[in-house]
Amino acid sequence: MTPKKVQRKEKEEPRIGVYVCHCGLNIGGVVDCARVAEFAAGLPGVILSKDNLYTCSEPGQELIKADIKEHRLNRVVVASCTPRLHEPTFRAACEDAGLNPYLFEMANIREHCSWVHLHDKEAATEKAKDLVRMAVARSKLLAAQEPLEVPVTRKALVIGGGVAGIQAALDLADSGYKVYLIEKDPSIGGRMAQIDKTFPTMDCSICILAPKMSEAGRHPNIELLTLSEIEGVEGYVGNFTVQVRKKARFVTDSCTACGDCVKVCPQVAPDEFNAGLSMRRAIYMSFAQAVPSTYQIDMDLCLNKHGIIACDKCFQACQRQCVDYSQQDQILTLDVGTIIVATGVDVYDPTPLTEFGYRKFPNVITSLEFERLINAGGPSGGNLIRPSDQKIPKTVAFLQCIGSRSKRSNIYCSNICCMNTIKDALLIKEHWPETKILVFYIDIRAFGKGFEDLFQRARREGVSFIRGVPGEIIEDPETNSLTLIGEDTLLSQLYRYEVDMAILSVGIEPRKDSPVIQRLLNLSCAADGFFLEAHPKLRPVDTPTGGIFLAGCAEGPKDIKDSVTQASAAASRANILMAQGKVIVEAITAVVDETLCQGCGMCVKVCPYSTIREDPETKIAQVTQASCAGCGTCVAECPFSAITQRHFTDAQIFAQIDAITEEAPETKAVAFCCNWCSYAGADFAGVSRMQYPTPIRIIRTMCSGRISTEFIEYAFRRGAAAVLVSGCHIGDCHYINANHQTEKRVNRVWKKMERLGLDKNRLQLAWISAAEGNLFARKMKEIDEIIQGVTPEEIEKTKQILVPKKKGKGEGTEPKE
Amino acid sequence: MLKSIWELFNKEDLFECYQCARCTGSCPAAMVMKCYGPRETLLRCLNLGQEAVINDERVWYCTTCHVCEDRCPQEINISELLTAIFNLAAQRGNLPEKIKFGVDLIAKTGRSLIVNEKVLKDRQKLSLPPLDPLNIDEIEGILKKTGLNDAIELS
Ligand SMILES: Cc1cc2nc3c(=O)[nH]c(=O)nc-3n(C[C@H](O)[C@H](O)[C@H](O)COP(=O)(O)OP(=O)(O)OC[C@H]3O[C@@H](n4cnc5c(N)ncnc54)[C@H](O)[C@@H]3O)c2cc1C
Ligand code: SF4
Ligand code: SF4
Ligand code: SF4
Ligand code: SF4
């Protein structure tokens with residue numbers, strides 16, 4: 001289809017086909033689909049309207065295609081599930097039949113209607129009619145669009161060199177792409193390098209990891225950058241420019257790891273790799289199998305500061321002259337097409353739980369410290385010893401869920417600690433079979449392949465599992481032995497156990513510096529602090545930002561197998577993009593009408609991507625199409641309506657407001673929801689079947705930054721009882737920080753309403769994440785209460801006095817007929 | 001008049017409890033009176049309803065010391081739950097004799113223990129000052145303000 005034909009079609013009278021989907025009983029069980037279809041048939045412009053069982057099925061799609069051809073449809077509206085699910089399906093069907101995909105529109109009558117109003121079939125049907133009316137109204141104003149093709153750089157960046165990062169880098173490198181693997185520590189390996197054996201197979205962790213580490217170190221396609229962190233990211237899918245700081249190592253690549261330097265170094269500090277259980281020098285290698293196998297100097301510890309040489313012992317000791325105190329940090333600029341985030345996890349620090357005495361009682365340790373103690377390469381040469389007296393303990397207790405599943409720390413289950421404890425218990429039994437082992441738990445979660453077997457084995461080998469975590473641990477100051485006081489809930493009996501050593505099975509949590517990565521890469525985080533995937537089931541390793549993927553524990557707590565699986569998945573997703581060599585940028589970008597632009601520069605200020613420039617001479621704004629993310633924030637800001645967002649025009653949104661307020665506006669609320677968070681939150685409420693009142697009508701925009709004050713005021717002028725503006729939480733905006741503008745604009749309208757003596761409570765602003773379906777449902781109940789409280793007089797008064805400001809408005813601020 | 005303990009305590013909070021028993025493991029009352037424990041009390045409320053606890057004299061072993069809720073990983077206000085139970089139980093007249101005796105004593109003397117010759121002698125031995133008589137009217141006023149009179153009938 002040539003663009004010319006599109007042009008001609010646009011001018012044609014709308015010939016709209018409407019399809020109301022039953023989705024089996026999902027919609028049909030609540031909404032009277034036939035009645036909705038019949039209603040749609042009566043709407044102006046609609047020339048055919050049908051209800052069918054599964055519109056997304058092959059026959060459903062074929063029907064649409066056939067109708068487009070037979071009835072010369074130039075608009076298609078499907079009322080079914082969320083557009084976040086099947087919009088691409090139906091768009092493809094339209095395209096197949098020769099209809100530009102941007103002439104397709106959806107009404108979400110499942111997630112936003114039937115699933116959340118299960119018990120009010122009549123109101124749900126009425127709402128479905130409204131949603132269809134909105135979709136039909138918008139569809140008439142849709143225009144054909146041609147998306148933009150952007151080339152993809154065939155290089156990848158992997159951030160984090162734990163097992164997940166290593167796996168992702170190897171997969172991509174083996175597929176023939178150049179990969180930069182960035183690790184902030186001196187060696188790759190991550191947590192897995194620290195642990196001794198791995199559940200459920202009890203393999204030696206470093207034995208299976210070390211070969212992968214060396215392979216990554218010498219792979220011709222992998223450039224390993226250790227002691228490195230990213231400092232800046234610019235660009236967009238397929239075309240990222242990343243600034244990396246490669247910190248000085250002070251030892252050159254010619255180091256053969258002979259270790260001659262270490263012996264002479266006078267400076268010592270706790271060894272991070274051994275969880276602080278042993279000491280290391282200022283010049284050191286983190287562990288024997290480190291990759292790169294090169295020493296480094298910790299300059300914070302070294303006696304040489306700020307270029308003043310106070311000690312040169314290691315320099316003298318090194319025969320190959322690898323020590324170089326003058327090395328400087330390097331700033332590298334990398335051009336890559338895709339990025340994989342594999343920054344892993346921190347381990348919970350139980351110090352705040354004073355009742356367990358961690359750090360106060362030497363024989364209370366964490367599970368990570370245990371891994372180092374039981375490891376042959378660790379500080380005690382693999383002997384499990386009590387820190388207080390270096391003796392092998394006869395009785396050992398494990399306390400589960402420390403720092404997990406708790407409002408006092410992290411609310412989620414850390415996923416690995418149950419199995420880790422079972423593994424640890426078996427390891428002790430293997431070396432010292434006589435040891436008495438007690439595991440204090442709340443629930444044992446042995447859900448994975450081979451897990452239950454391991455649990456049963458531990459029980460058979462004599463490990464006691466006691467249901468009920470101690471209330472406190474007390475210490476005998478003489479012997480440093482510990483007494484655990486608590487209740488065995490299955491016996492409803494109090495216990496006091498004396499043990500030689502207690503191991504707190506600590507949870508894992510997001511990296512402390514993950515907000516930095518989040519900001520640099522413009523990612524979203526779930527409420528628990530882990531990076532959010534684009535869809536929890538269907539796009540589990542994608543992020544909402546194109547070209548960036550997640551692997552390993554950075555996305556959520558998981559074991560090694562799942563981390564590796566996810567890493568390969570992320571690599572494969574990145575591979576797809578790079579193999580295609582190009583991406584399609586959705587035709588939802590901002591376009592400037594040069595005849596209306598006054599060169600005021602407002603749009604330049606609000607664009608989160610700095611993608612608008614003023615022409616140096618004419619001052620007219622220019623939008624770089626390839627890097628415009630399509631948030632529409634500039635569009636809402638322009639006082640002259642000189643910018644249009646393709647596919648989300650003012651006229652389309654006004655038409656949706658008109659449709660909502662056509663009948664009984666005083667009983668309804670107009671809601672503006674952003675595609676990524678609040679709309680997705682509403683979808684989530686639907687998927688979870690959270691029930692809430694029916695008055696809400698949602699208008700979807702890509703970003704809440706698209707919502708201009710005119711939209712809000714217009715909704716009120718049309719008599720809506722309430723208006724909700726909602727978006728991602730501040731700091732989580734999918735478009736960096738566009739929601740700051742949302743907040744400012746809502747504040748402006750609030751002030752105006754206050755000044756005019758209007759009830760500003762009728763305008764609500766809510767930050768709702770994609771995970772907060774419950775919050776969305778609660779907000780709907782609140783809004784329903786607000787609607788109940790609004791008087792007809794208040795509505796009438798608002799209509800009269802909330803008039804638009806007169807100055808300098810261009811066309812489009814008010815709906816055009 | 002209270003009809004239900006859920007007027008004083010948000011029932012929703014009970015669902016947060018996963019029976020880890022860190023409360024009972026911390027409870028000084030449970031250490032002494034083996035038949036009592038906050039974990040089980042909470043579970044009874046949840047599974048059997050309030051009637052199962054307001055008629056149960058064991059709840060009165062709680063000293064409302066707040067240690068359990070200090071350590072509860074789910075930040076459940078367990079002592080508030082017990083306070084709610086006490087209130088309803090008292091209104092229904094389910095007040096153990098010993099507790100009632102103590103409350104009466106406070107109302108009458110301002111003290112929760114009987115001050116007899118032995119007590120006074122012990123104080124002397126410990127070189128503690130003699131006990132001044134208390135202003136009973138003031139105490140009565142305080143008790144009235146706290147609503148004690150509405151909750152229980154003083155003898
Ligand atoms: C005590 C303990 C015992 C365990 N036992 C087992 C077991 O027996 N079996 C099992 O299957 N799993 C076990 N696990 C889980 C296992 O460790 C993880 O699944 C695995 O390590 C996750 O790998 P990862 O690569 O995602 O993260 P990590 O191993 O955490 O690696 C992340 C890497 O990224 C680097 N990094 C972080 N931030 C940045 C940044 N900003 N820039 C550059 N680099 C960065 C880090 O330095 C690190 O090297 C255990 C975990 C713990 C804590
Ligand atoms: S120069 Fe620094 S790293 Fe080298 S031996 Fe001296 S203190 Fe240690
Ligand atoms: S894995 Fe087990 S110990 Fe860890 S948080 Fe979950 S239930 Fe608790
Ligand atoms: S400590 Fe809290 S969560 Fe644990 S059993 Fe007691 S009330 Fe329930
Ligand atoms: S408040 Fe009551 S239940 Fe809680 S620890 Fe103290 S005595 Fe036990």
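The values are calculated or read from the model by the stated rules, or taken from the named source; none is laboratory data. All of these numbers come straight from a predicted model, not from anything done at the bench. Reconstructed Cβ throughout: ideal geometry from the backbone, glycine too, with neighbour counts over all protein chains shown. Heads up: the accessible areas ignore ligands, DNA and RNA and are worked out on the full protein's heavy atoms, side chains in. Shrake-Rupley method; radii C 1.70, N 1.55, O 1.52, S 1.80 Å.
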Worksheet, complete the sentence: Of those in the stretch B:1-42 that are touching a Lys or Arg at 6+ places or on another chain (Cβ under 6 Å) and more than 23 Å from A:ASN410 (Cβ to Cβ), the residue farthest from ligand 3 (Cβ to nearest atom) is B:CYS35
Practice prompt. Would you check which residues across the stretch A:419-449 are within 11 Å of ligand 1 (Cβ to nearest atom) and open to solvent by 10 Å² or more (accessible area, probe 1.4 Å) and list them?
Written response: A:ASN420, A:GLY448
Discussion item. Can you list the helices (runs of 4 or more DSSP H) lying wholly within the stretch A:617-724 that have 1 or more residues being of a type in the set (A, V, I, L, M, F, W, C) and under 29 Å from A:GLY337 (Cα atoms)?
Written reply: A:633-637, A:678-687
Worksheet item: Among the candidates A:ARG245, A:ARG249, which residue alone is in a strand (DSSP E or B) and open to solvent by 20 Å² or more (accessible area, probe 1.4 Å)?
Response: A:ARG245
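Just name the residue that is modelled with the lowest pLDDT out of those in the stretch A:70-85 that are crowded, with 19+ Cβ neighbours inside 10 Å and part of a helix (DSSP H, G or I).
Checking each candidate, the answer is A:ARG84.
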Response to the item:
Exactly one of B:ASN77, B:ASN55 is open to solvent by 60 Å² or more (accessible area, probe 1.4 Å) and either away from ligand 5 (no atom under 16 Å from the Cβ) or in the same structural domain as B:CYS20 (by TED's automatic domain parsing) (or both), and that residue is B:ASN55
Worksheet item: When only residues in the stretch A:229-242 that are more than 25 Å from A:ILE584 (Cα to Cα) and open to solvent by 20 Å² or more (accessible area, probe 1.4 Å) count, which is nearest to ligand 3 (Cβ to nearest atom)?
Response: A:GLU229
Worksheet item: For the stretch A:404-419, how many residues are under 22 Å from the mean Cα position of the chain (by Cα), within 14 Å of chain B (Cβ to nearest Cβ) and in contact (Cβ under 8 Å) with a residue 12 or more places away in the chain?
Response: 8
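May I ask you to list the residues in the stretch A:277-292 that are without any contact (Cβ under 8 Å) to a residue 40 or more places away in the chain and surrounded by fewer than 18 Cβ atoms within 10 Å (Cβ to Cβ)?
Matches in the stretch A:277-292: A:MET279 only.
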Worksheet item: What is the number of the single condition among (1) within 14 Å of chain A (Cβ to nearest Cβ); (2) more than 10 Å from ligand 5 (Cβ to nearest atom) that B:PHE101 does not meet?
Response: (1)
Worksheet item: Which residue, of B:CYS68, B:CYS45, is in a helix (DSSP H, G or I), closer than 22 Å to A:ARG467 by Cβ, within 12 Å of ligand 4 (Cβ to nearest atom) and more than 14 Å from chain A (Cβ to nearest Cβ)?
Response: B:CYS45
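Say we look at the stretch B:14-25 and pick out the residues that are on the phi < 0 side of the Ramachandran plot and either more than 10 Å from chain A (Cβ to nearest Cβ) or surrounded by fewer than 24 Cβ atoms within 10 Å (Cβ to Cβ) (or both); which of these is nearest to ligand 5 (Cβ to nearest atom)? Walk me through it before giving the result.
Residues of the stretch B:14-25 that are on the phi < 0 side of the Ramachandran plot, as a first pass: B:14-18, B:20, B:22-25.
Now narrow it down to the ones that are either more than 10 Å from chain A (Cβ to nearest Cβ) or surrounded by fewer than 24 Cβ atoms within 10 Å (Cβ to Cβ) (or both): B:14-18.
Working: B:LEU14: 15, B:PHE15: 19, B:GLU16: 16, B:CYS17: 13, B:TYR18: 17 Å.
Taking the candidates together, the pick is B:CYS17.
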Worksheet item: Given the conditions (1) away from every other protein chain (no Cβ under 14 Å); (2) more than 13 Å from the chain's Cα centre (by Cα), which single one is not true for B:PRO28?
Response: (1)
Response to the item:
Checked A:GLY727, A:GLY719, A:GLY757, A:GLY731 against criteria (in contact with a helix residue (DSSP H, G or I) (Cβ under 6 Å, 6 or more places away or on another chain) and on the phi > 0 side of the Ramachandran plot); the one match is A:GLY719
Fill in: Of all residues in the stretch A:300-324 being in contact (Cβ under 8 Å) with a residue 24 or more places away in the chain and open to solvent by less than 40 Å² (accessible area, probe 1.4 Å), the one that is farthest from A:ILE166 (Cα to Cα)
A:CYS311
Worksheet entry | Yes/no for A:ILE474 being open to solvent by 30 Å² or more (accessible area, probe 1.4 Å) and within 14 Å of another protein chain (Cβ to nearest Cβ) | yes
Practice prompt. Report, by residue number, each residue of the stretch A:617-640 that is open to solvent by 20 Å² or more (accessible area, probe 1.4 Å) and at positive phi.
Written response: A:LYS619
Item to complete: Filter the stretch A:121-161 down to residues that are in a strand (DSSP E or B) and open to solvent by 20 Å² or more (accessible area, probe 1.4 Å) and give me whichever is farthest from A:SER80 (Cα to Cα).
Response: A:LYS155
Worksheet item: Hey, any hits in the stretch A:361-381 for a residue that's under 30 Å from A:ILE182 (Cα atoms) and within 14 Å of another protein chain (Cβ to nearest Cβ)?
Response: no
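Quick check on this structure: which one of A:LEU520, A:LEU532, A:LEU491 is within 16 Å of ligand 4 (Cβ to nearest atom) and either open to solvent by less than 40 Å² (accessible area, probe 1.4 Å) or within 30 Å of A:PRO470 (Cα to Cα) (or both)?
Selected residue: A:LEU491, the only one of A:LEU520, A:LEU532, A:LEU491 that is within 16 Å of ligand 4 (Cβ to nearest atom) and either open to solvent by less than 40 Å² (accessible area, probe 1.4 Å) or within 30 Å of A:PRO470 (Cα to Cα) (or both).
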Worksheet item: Can you name the residue in the stretch A:460-471 that is under 16 Å from A:ASP443 (Cα atoms) and open to solvent by less than 30 Å² (accessible area, probe 1.4 Å) and is also farthest from the other protein chains (Cβ to nearest Cβ) among such residues?
Response: A:VAL463
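Would you please name the residue that is farthest from the other protein chains (Cβ to nearest Cβ), looking only at residues in the stretch A:488-500 that are assigned to a strand (DSSP E or B) and under 43 Å from the mean Cα position of the chain (by Cα)?
The residue in question is A:VAL499.
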Practice prompt. Within the stretch A:576-597, work out how many residues are of a type in the set (Gly, Ala, Ser) and open to solvent by 50 Å² or more (accessible area, probe 1.4 Å).
Written response: 1
Response to the item:
Every listed condition ((1) of a type in the set (Val, Ile, Thr); (2) crowded, with 19+ Cβ neighbours inside 10 Å; (3) under 29 Å from A:ARG646 (Cα atoms)) holds for A:ILE47 save (2)
Practice prompt. Determine, yes or no, whether A:SER114 is in contact with a Gly (Cβ under 8 Å, 6 or more places away or on another chain) and of a type in the set (S, T, N, Q).
Written response: yes
Item to complete: For B:LEU82, work out the one condition from (1) buried (at least 23 other Cβ atoms within 10 Å of the Cβ); (2) aliphatic (A, V, I, L, M); (3) at the interface with chain A (Cβ under 10 Å from one of its Cβ atoms) it doesn't fulfil.
Response: (3)
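Conditions tested, residue by residue: (1) within 14 Å of chain B (Cβ to nearest Cβ); (2) within 42 Å of the chain's Cα centre (by Cα).
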| position | (1), (2) |
| --- | --- |
| A:LYS449 | no, yes |
| A:SER481 | no, no |
| A:GLY486 | yes, yes |
| A:ALA502 | yes, yes |
| A:GLY507 | yes, yes |
Worksheet item: Any idea which of (1) within 12 Å of another protein chain (Cβ to nearest Cβ); (2) among the small types (Gly, Ala, Ser); (3) more than 9 Å from ligand 5 (Cβ to nearest atom) is the one B:GLY37 doesn't satisfy?
Response: (3)
Response to the item:
Among the residues of the stretch A:313-342, the number that are part of a strand (DSSP E or B) and touching a Lys or Arg at 6+ places or on another chain (Cβ under 7 Å) is 5
